[in-house]
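Comments concern the structure below.
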Amino acid sequence: MAGETSERNSSIVSLDHLPSALLATIMTKLDVASVCSVASTCTAFKACASHILSFIPSFHILEIAPSMELLRPLLPPNPWLKSVKVNCGRLDDSAIQILLQPSLEELCMLNCADFSGKLLSEIGGRCKDLRSLCLGSVAEKRGRAIHISDLEELLSGCTHLEALILMFDVSSIYLRHNFAQVWALASEKLTSLEIGYISSLMVTELLCTNFVSHQPSNRIQPSILPNIHKLCLSVDYITDAMVRAISKGLLSLTHLDLRDTPLIEPRVSFDLTNSGLQQINQYGKLKHLSLVRSQEYVITYFRRVNDLGLLLLADKCENMESIFLSGFCRVTDTGFKTILHSCSKLYKLKVSHGTQLTDLVFHDISATSLSLTHVSLRLCTLLTNHAVTSLASNKDLKVLDLRDCRNLGDESLRAISTLPKVKTLLLDGSDISDVGLSYLRQVVISSLISLSLRGCKKLTDKCISALFDGSSKLELQELDLSNLPNLSDNAVLLLAKSRIPLLELRMRQCPLIGDTSVMALASMQVDEERWHGNGLRLLDLFNCGGITPLSFRWLKKPYFPRLRWLGVTGSVNRDVVDALARSRPFLHVSCRGEELGVEQGDTADDVYMHDYDEMDELERWLAEDDYLDEDMVADEDMVNAEAVE
């Protein structure tokens with residue numbers, strides 16, 4: 001027996017004896033978070049991980065905001081580094097030298113509020129080969145500033161730039177006399193531009209410089225942004241003048257996304273009218289169009305656009321594939337139906353705040369050649385079950401957003417139950433019941449990735465069994481059960497027992513949800529063969545009536561090992577909340593009731609193994625390396641607006 005044991009032990013090869021080249025080859029296939037997880041398992045892996053960080057091609061950490069001390073050992077000089085994506089919420093200008101490496105072709109830096117305009121100029125000076133650049137919230141902290149020279153150095157230095165996203169207030173660096181001249185320095189290869197905020201006047205003046213007014217027929221001289229295909233802007237007001245400048249100044253445009261957020265009801269000269277809509281897509285190249293009026297500050301609509309505007313737009317919509325219209329309160333079924341019947345290639349339709357849109361728009365949709373895959377009809381309150389029944393003729397539907405369509409009931413779910421490819425289903429505020437949800441169990445639930453039942457007041461604890469009883473191998477990752485007054489801890493116990501591998505669970509404003517739910521989720525065993533505990537990355541329990549300080553014991557390590565976003569009510573016990581935030585520095589704890597969510601971009605699909613009181617692997621390895629009413633706008637105002645050119 002002893003001889004057999006000795007022989008068996010001698011045949012075991014230690015990881016230390018594996019070729020380092022083999023380990024390195026394997027690790028280069030992993031993302032950064034996974035590399036850190038592997039590094040925490042043994043000495044050999046840790047040494048190999050430290051080595052490969054000097055030649056990995058991409059470095060993506062968006063789920064957490066690393067500090068300078070944690071970032072430095074992860075980003076050594078690396079001549080092979082092509083892509084960097086970082087959440088910069090805990091960084092400032094001192095990180096510039098580490099982040100901006102000359103070999104970069106893609107750079108995404110989010111939450112850069114503590115950086116100054118120096119970031120822009122340094123990117124232009126250091127990263128000459130950049131193809132794609134995304135910067136978020138630059139210089140938003142008090143005392144930080146961006147100068148026009150910073151933008152100038154960025155645009156003149158990055159001569160290979162193809163995609164540029166500036167998610168901050170560009171108007172804050174506006175200097176009237178040379179703003180257009182600065183943008184004339186942008187790379188001729190630039191095809192995609194997205195700006196977080198810019199005034200409509202700036203956009204109009206910038207693009208109007210492309211016009212040579214002294215030449216006949218306003219011939220266009222494409223000197224500024226000549227090859228832009230995709231333009232996404234958030235502005236103060238969407239105006240006829242701005243739309244005209246965009247349509248005539250950007251000859252290659254195929255994707256136009258405009259969103260405004262008025263502070264007051266717009267005057268005629270600062271609004272979109274039928275005349276402006278007629279200017280869109282002059283060259284017939286647009287494939288994607290989005291026109292959105294946000295109601296963040298004041299309840300307002302595109303009151304100077306009616307069916308005529310959409311009829312004029314539809315004349316040039318033959319090649320449209322995606323349309324999003326929000327806030328067109330004076331457009332009726334006639335206008336929306338014209339768009340549907342004119343766009344034979346349309347696969348994505350989104351309408352929000354369509355106050356006059358009814359079932360008639362979709363009555364004969366089965367007779368068209370449309371093959372819709374994405375449909376969103378949020379806050380179209382006149383829709384009933386008949387509209388959903390008609391839409392269900394599109395068997396390729398993958399996304400169906402019916403939020404705040406309050407007249408939809410169980411018959412809608414019966415129609416939806418015939419759609420085998422639906423991955424996202426949003427039913428917030430509808431009149432559905434537990435019985436209706438059971439219709440989804442046969443076909444739809446097996447394909448769903450995201451399901452929202454927020455504010456469906458009729459639902460009870462039975463909705464969980466109605467959805468999941470007898471189901472297996474579900475792909476559901478996001479579930480919203482917020483604002484359900486009859487949902488209790490019993491429902492969460494059933495959910496935990498089902499072992500659904502959820503990544504996001506929202507149960508805000510549920511008065512009957514309490515400590516038992518937290519304990520059930522913390523003890524949930526998703527996969528016995530891999531790891532204990534659930535895989536939630538987001539858990540929203542804001543204003544749940546039964547949450548006490550006891551729940552916070554179950555929100556500490558080792559429970560919820562992958563949790564990155566947590567919503568709670570701070571008034572439960574502020575000291576307990578603060579203590580939790582300190583003990584889990586990579587967990588974003590929100591107490592103010594804002595909606596939670598992760599940043600857009602790649603997210604690491606890391607798997608954590610835990611023993612009690614241990615840090616997760618990433619933390620440990622880093623630490624070790626030291627309604628105005630519609631009638632308010634008079635009919636004569638509409639007539640005057642249509643006459644404006």
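The values are calculated or read from the model by the stated rules, or taken from the named source; none is laboratory data. Values in this document were obtained by computation on a predicted structure and should not be read as measured data. Cβ: placed from backbone, ideal geometry, glycine included. Neighbour counts: every protein chain shown. Accessible surface is based on the protein model in full, side chains and every heavy atom, while ligands, DNA and RNA are left aside. Shrake-Rupley method; radii C 1.70, N 1.55, O 1.52, S 1.80 Å.
Side notes on the structure shown:
- Accessible solvent surface per residue of the chain, calculated while the other protein chains remain in place, 1.4 angstrom probe, Å²: 43 Å²
- Each helix, a run of at least 4 DSSP H residues, gives -39500 (n - 2.57); summed and divided by the residues of the chain, these come to -7500 deg cm²/dmol at 222 nm.
- Cβ-based net charge around ILE449, under 12 Å, with every Lys or Arg adding one and every Asp or Glu removing one: 0
- Protection proxy ranking of 506-518, 260-272 - average other beta-carbon atoms within 10 Å, highest first: 506-518, 260-272
- For TRP554, TRP80, TRP183, the ranking by accessible surface with the largest value first comes to TRP80, TRP554, TRP183, using a 1.4 Å probe.
- Cα gyration tensor, the chain - rounded (a/c under 1.5), prolate or oblate: oblate
- For the residues TYR301, TYR559, a 1.4 Å probe over the protein chains yields an accessible-area ranking, largest first, of TYR559, TYR301.
- By average C-beta atoms within 10 angstrom, highest first, the peptides 283-290, 578-585: 283-290, 578-585
- Computed over protein heavy atoms with a 1.4 Å probe, the carbon and sulfur contribution to the accessible area of the chain reaches 51%.
- Entries in LYS29/LYS85; LYS230/LYS285; LYS189/LYS230; LYS285/LYS348; LYS287/LYS348; LYS462/LYS556 that, when Cα-Cα distance is taken, lie over 20 Å: LYS462/LYS556
- Among the trypsin sites (Lys or Arg not before Pro) within segment 143-197, those in coil by DSSP and having at most 15 neighbouring Cβ atoms inside 10 Å are ARG176, LYS189.
- Cα shape, segment 59-190, gyration tensor, a/c 1.5 rule: oblate
- In the context of the full protein assembly, LEU493 retains an accessible surface of approximately 80 Å², using a probe radius of 1.4 Å and ignoring ligands and nucleic acids.
- Rounded, prolate or oblate (a/c below 1.5 giving rounded, otherwise prolate when a/b exceeds b/c) for segment 112-188 by Cα gyration tensor: oblate
- Computed 3J(HN,Hα) for segment 479-489, one whole-Hz value per residue from the Karplus formula 6.51 cos²θ - 1.76 cosθ + 1.60 where θ = phi - 60°, is 9, 10, 10, 6, 6, 10, x, 9, 7, 10, 4, glycine and proline marked x.
- Taking amide hydrogens as placed 1.01 Å from N in the peptide plane, the amide H of PHE59 sits under 5 Å from those of SER83, VAL84, LYS85, each at least 5 positions away in sequence or on another chain.
- For segment 226-242, 3J(HN,Hα) per residue [Karplus equation, 6.51 cos²θ - 1.76 cosθ + 1.60, θ = phi - 60°, Hz, x = Gly/Pro]: x, 10, 5, 9, 10, 10, 10, 10, 10, 10, 6, 9, 7, 10, 4, 5, 5
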